[in-house]
Amino acid sequence: MILVDFSGVVFSRIVHSETPQPMSLDETRHVILAALREIRVKFPNHGTMVICCDNGSWRRDVFPQYKARRRETRANDGIDYASMWESVNTVLDEIDAHIPWLVIRQPNTEADDIIGTLVHHNPADPIMIVSRDKDFIQLHGRPNVYQYDPITKTRVYAEDARRYAFEHLIRGDVGDGIPNILSEDNCLSDRIRQKSITKKVLADFISEDSSTLLTGNMDADTIRRLKRNLKLISLSHIPDEIVNGILDGYEKSNSITIGTPLEYFINKNVNFKDMVGDFR
């Protein structure tokens, strides 16, 4: 199984493309199909390709500061994201209908949730996560899971995936607006300096063999903030209703294809007619 982090891998190509914005629907279609074909060709023997899409996030409901700075930046960067996403979603609908790849878009669900859920529910199948996001290192402890960065064209890994995951929980995620466990909820959204996570703090909070978090060394406020970060960061703590929605969407996506890639390419005058064997 190939799990593609669509926003991180494909949508970013559209945003950073040299083609003047906004792209036309035909230009958007070409960029998306070319990027996904490249992944399929890179991993021809890894089974089904699943395109995992962001569609809102339940995390904002439980933590309003989640990605608040990122939303602020996008609101001021001059890009018409509404038009861009309209074209992207049109192409995703076309892929869903004509190419034997699975497209999963569930309400209030991020690609991270989809990837984490499918990894947890496929413990034996070889899985290749295609993303440069190191958040997925927490899934690397499973022997069937690998990760590939299509930008640098290298494997993503950590020498000690379990320790990396613990440090991630302790340090938080600045890019997503999640503070470290010594800092309050609003510090990043309000541009307040976080308290430092030193080597001593890590030594106090993670066992020497990296097997467990030493919650006995944490005070009540730190434990509360650790639980905050577990809920927001750990892909083992996705709410049941989100997990069930993902699994339902996965099953439904398995049965949607109504056309063939060649028919689609001819109908849309797409330049991949001689490469139709790559779209499998």
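Please treat every number below as a calculation from the coordinates, not as lab data. Only a predicted model underlies this, so the values are computations on that prediction, with no experimental measurement involved. No Cβ is skipped: glycine too gets one built from the backbone with ideal geometry, and neighbour counts run over all protein chains shown.
A few notes on this one:
- Taking all Cα pairs closer than 8 Å and separated by 6 or more residues, the relative contact order of segment 138-230 comes to 23 percent.
- The chymotrypsin sites (Phe, Trp or Tyr not before Pro) of segment 112-165 that meet both conditions, a loop assignment by DSSP and at most 14 other Cβ atoms within 10 Å of the site Cβ, are 157.
- Percentage, to the nearest whole number, of Cα pairs in segment 76-215 over 25 Å apart: 46 percent
- C-alpha long axis of helix 220-233 to longest principal axis of the chain, angle in °: 10 degrees
- Stokes-Einstein D in µm²/s, Kirkwood radius over Cα pairs - segment 1-138 at 20 °C with 1.002 mPa s viscosity: 134 µm²/s
- Distance between segment 1-77 and segment 234-278 - C-alpha centres, whole angstrom: 14 Å
- Sorted from greatest to least, the principal axis extents spanned by the alpha carbons of segment 161-233 come out as 36, 25, 22 Å.
- Given in Å, the Rg to one decimal and the Dmax to the nearest whole number for the Cα atoms of the chain are 20.1, 64.
- Axis of helix 240-253 versus longest Cα principal axis of the chain: the two differ by about 20°, to the nearest ten degrees.
- Helix 161-171 and the longest principal axis of the Cα set of the chain meet at an angle near 70°.
- Amide H contacts for residue 130 (H built 1.01 Å from N in the peptide plane; partners 5 or more residues away or on another chain; cut-off under 5 Å): 3, 4, 5, 148.
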